[in-house]
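Notes to accompany the following structure.
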Amino acid sequence: MTESFSAVGVANSIEEFHYNPDEGTTFAVYYRRYEDILREKCKGWPSERKVRLLLLKLATLEHERFCNFILPRKPAELCFGETINILTNIFSEKSSQFNIRWECLNRKENESDNFVTYASMVNKACEKFKLEELTPDMFKCLIFVKGLVATEDAEIRKRILSKLNQDVKLTLQNVAEECQQIINLRDDTTKMKDKNNNVQM
């Protein structure tokens with residue numbers, strides 16, 4: 001009876017999860033809020049019971065998306081740790097880590113904010129920045145791409161951002177070489193197009 005009441009109490013203390021990355025509501029943020037409850041109050045629970053509780057707390061669309069993602073497996077076949085990892089991956093930030101850092105560096109105070117509110121926003125943005133994972137090369141690349149503001153650099157910026165998201169070990173020299181290759185290809189394409197037009201004339 002006590003165990004049943006405890007389970008109901010734990011379930012009632014956890015809110016339903018609705019994914020909203022634009023508002024910063026990711027599963028990682030949600031789980032961080034309830035991690036102590038799930039680890040301490042559910043310590044003696046078997047893994048499958050914790051998984052059931054977690055999935056009960058997913059809103060309808062989120063639950064369906066999770067179940068579709070793991071097919072042909074069923075939720076009951078997953079351990080608690082694996083379930084957490086999958087949910088974290090599915091319901092993660094929309095923005096790339098590079099973009100999160102970009103936004104952090106461009107953060108400005110809202111006129112309606114007091115200093116405490118602004119400080120909390122800066123603190124949150126800096127935590128998401130993951131400064132401890134930022135290497136000198138990554139920082140140089142961030143500053144380099146941030147400065148590519150010309151209209152004709154839009155395609156280069158897009159390609160470099162894609163590269164940086166795929167390979168965190170890129171150096172500033174690699175990025176500069178990649179930019180030059182893109183320009184060379186663009187120039188070659190233009191020359192070939194001009195030659196073809198001349199032949200047709």
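The values are calculated or read from the model by the stated rules, or taken from the named source; none is laboratory data. Bear in mind that the values here come from a model prediction, so they are computed numbers and not experimental data. In this analysis, Cβ positions are derived from the backbone assuming ideal geometry, glycine residues included, and neighbour counts consider all displayed protein chains.
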Residues to consider are Glu93, Glu103; find the one that is touching a Pro at 6+ places or on another chain (Cβ under 7 Å) and surrounded by 12 or more Cβ atoms within 10 Å (Cβ to Cβ). Glu93
So for segment 23-38 (the condition being closer than 30 Å to Leu134 by Cα, assigned to a loop (DSSP other than H, G, I, E, B), under 18 Å from the mean Cα position of the chain (by Cα) and not assigned by the TED database to the domain that holds Thr135), does at least one residue qualify? yes
For Arg186, only one of the following conditions fails: (1) at pLDDT below 85; (2) farther than 21 Å from Lys146 by Cβ; (3) surrounded by 12 or more Cβ atoms within 10 Å (Cβ to Cβ). What is its number? (1)
With the first residue restricted to segment 23-39 and required to be hydrophobic (A, V, I, L, M, F, W, C), and the second required to be part of a helix (DSSP H, G or I) and modelled with pLDDT of 90 or more, Cβ contacts under 7 Å at 6 or more apart or on different chains are Phe27/Leu87; Phe27/Thr88; Ala28/Thr88; Leu38/Lys50
Scan segment 53-79 residue by residue and report those that are among the charged types (D, E, K, R) and touching a residue at least 24 places away in the same chain (Cβ under 8 Å). Lys57, Glu62, Arg65
Would you call Glu82 touching a residue at least 40 places away in the same chain (Cβ under 8 Å) and in the same structural domain as His18 (by the TED database)? no
Restricting segment 111-139 to residues that are under 18 Å from the mean Cα position of the chain (by Cα) and not in a helix (DSSP H, G or I), the residue that is surrounded by the fewest Cβ atoms within 10 Å (Cβ to Cβ): Lys130
State whether the residues of segment 78-99 include one that is within 27 Å of Lys130 (Cα to Cα), touching a strand residue (DSSP E or B) at 6+ places or on another chain (Cβ under 9 Å) and not hydroxyl-bearing (Ser, Thr, Tyr). yes
So Pro72 clears everything in (1) in a helix (DSSP H, G or I); (2) more than 21 Å from the chain's Cα centre (by Cα) except one condition, right? Which one? (1)
I'd like the residue in segment 1-28 that is among the polar types (S, T, N, Q) and under 26 Å from Glu127 (Cα atoms) and, out of all such residues, is surrounded by the fewest Cβ atoms within 10 Å (Cβ to Cβ). Asn20
On the given criteria, is Arg107 of a type outside the set (S, T, N, Q) and not in a helix (DSSP H, G or I)? yes
Conditions first: (1) assigned to a helix (DSSP H, G or I); (2) in contact (Cβ under 8 Å) with a residue 12 or more places away in the chain; (3) within 21 Å of Lys94 (Cα to Cα). Ile156 passes all but one, so which condition is the exception? (3)
Leu148 vs. criteria closer than 23 Å to Gln180 by Cβ and in a helix (DSSP H, G or I): no
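Do we find that Lys108 is basic (Lys, Arg) and within 18 Å of the chain's Cα centre (by Cα) in this structure?
No: the conditions fail for Lys108.
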Output the number of residues of segment 29-44 satisfying the condition of being touching a helix residue (DSSP H, G or I) at 6+ places or on another chain (Cβ under 8 Å) and either surrounded by fewer than 16 Cβ atoms within 10 Å (Cβ to Cβ) or over 21 Å from Thr88 (Cα atoms) (or both). 2
